[in-house]
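The values are calculated or read from the model by the stated rules, or taken from the named source; none is laboratory data. This one's a predicted model, so the numbers in the text were calculated from it and none came from an experiment. Note that we place each Cβ from the backbone using ideal geometry, even for glycine, and neighbour counts take in every protein chain shown. Accessible surface is based on the protein model in full, side chains and every heavy atom, while ligands, DNA and RNA are left aside. Shrake-Rupley method; radii C 1.70, N 1.55, O 1.52, S 1.80 Å.
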Amino acid sequence: MRSDSRSARIQVLVAEQAARRGARVGVVDVCTAAVAALPVGGAGVSAMSKTAASHPLCSTDGISEQLEELQLTLGEGPCVDAFTQGSAVLTPDLLTGAMQDRWAVFADAALVAGARAVFALPLQMGAISPGVLDLYADVPTVLDTEELADALAFADLATLLLLDARIDETGAPVDGVLADRGFEDLGGYRAEIDQATGILTVQLGVNIDEAFVRLRAYATCCPGRGWPLRPGADRVKGWKGRGVPLPPIPEIPMVLPVRPEVR
């Protein structure tokens, strides 16, 4: 299946979940849609950072909630490894000896909680990684090629939603629910943010995390329609290409989204 066709299909599935809730699209809808589309029993997202406290953000059921809490509390598990390594960690069966040796405490605790297979997919946009999408099954499970590709597409959409959630917390205007933005070219949006962040790392001499904080700051100064980060990215690229002056940089700390009440 073409990647753009897959992405479009995943976007529709997620938008449908949000419509059922009667709310704007969020990472909780990604989790719910992933559970409906894949051979898994539950899903959860943890917001993670190398410079700030990480925490579970949402989950679809009690088991997935326990898995998120366990991994961040114990400091081990597929979620932690996926974030650290920047690549998917697929665990078809936690009962195997290799998994027991790799995560001595987490593996047993996850089995007691009711999980047998766990799949952790890092949320990434270039060098920026705001968290991890975790999927679990209560029986030994292997994701085939198509299922894994779908899971990665869910993770891609969760990445954009989570990054936008960070912008929303700063008070930047958001025009309607995400579905009303038409899920505009996500690939182009991702490329714009990646490019703008890269420009800031070079021009300001800062690391990628600090560059993203600056980009968020510019976004609050550049109200516009569409995805909240886009106005800031446009301003940064204009600054480099046309000499457009950047606005003063407000002090905005790197914060993680607040965990929603709805699971």
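Tabulated data for the structure shown
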{"read-out": "Per residue accessible area in Å² of region 1-151, where ligands, DNA and RNA are left out and the probe is 1.4 Å", "value": "40"}
{"read-out": "Around PHE119: net Lys/Arg minus Asp/Glu count, Cβ-Cβ under 11 Å", "value": "-2"}
{"read-out": "Prolate/oblate/rounded label for region 21-99 (Cα gyration tensor, a/c 1.5)", "value": "oblate"}
{"read-out": "Anisotropy class of region 1-47 from Cα gyration tensor, a/c 1.5 cut", "value": "oblate"}
{"read-out": "Listed residues PHE83, PHE119 arranged by accessible area, highest first, probe 1.4 Å", "value": "PHE83, PHE119"}
{"read-out": "Accessible surface of region 1-104, 1.4 Å probe, proportion on carbon and sulfur as whole %", "value": "55"}
